[in-house]
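The values are calculated or read from the model by the stated rules, or taken from the named source; none is laboratory data. These numbers were taken from a predicted model, which means no experiment stands behind them. Glycine gets a Cβ as well: all are built from the backbone with ideal geometry, and neighbour counts include every protein chain shown. With ligands, DNA and RNA removed, areas are computed over all heavy atoms of the protein, side chains included. Shrake-Rupley method; radii C 1.70, N 1.55, O 1.52, S 1.80 Å.
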Amino acid sequence: QVQLVESGGGLVQPGGSLRLSCAASGTINNIYPMDWYRQAPGKQRELVASISSGGSTNYAGSVKGRFTISRENTKTTVSLQMNSLKPEDTAVYYCSLITTLRNYWGQGTQVTVSS
């Protein structure tokens, strides 16, 4: 089993920055692709950023150039650096670890961008 725990959310003013972390624990024998998703009230969950097992990254168009996904160590922690935050970035942010058998999810961390 794999457990994911997100941290780093909070309240920030427009234009500010936050850094989210996702720590994975449990039986992790490989470097797995990991994603960050977000879900705003009344909206569907959307993919924000992805990092492959080889380190390639992809971003949603709405965050490209502002958000950066990275691995802090090779297997167990992925971060999302969020700069130039906008009110529309307000959402619960979730990380996901993708294996061949299933996706694992964290419990989410709230990000609120407001003045």
Scan the strands (runs of 3 or more DSSP E) fully inside the range 37-87 and keep the ones with 2 or more residues being at pLDDT 95 or above and surrounded by 17 or more Cβ atoms within 10 Å (Cβ to Cβ).
46-51, 67-71, 77-82
Write out, first by first residue and then by second, each pair whose Cβ atoms fall under 8 Å of each other, whose residues are 6+ apart or on separate chains, and whose first residue, in the range 32-47, is over 17 Å from Gln81 (Cβ atoms) while the second is open to solvent by 60 Å² or more (accessible area, probe 1.4 Å) and modelled with pLDDT under 95.
Tyr32/Ser53; Tyr32/Lys75; Pro33/Ser53
I need the full set of residues from the range 4-36 which are farther than 16 Å from Gln110 by Cβ, part of a strand (DSSP E or B) and more than 12 Å from the chain's Cα centre (by Cα), in order please.
Ala24, Ser25, Gly26
In the range 88-110, what residues are touching a Ser or Thr at 6+ places or on another chain (Cβ under 8 Å), assigned to a strand (DSSP E or B) and exposed (fewer than 15 other Cβ atoms within 10 Å of the Cβ)?
Asn103
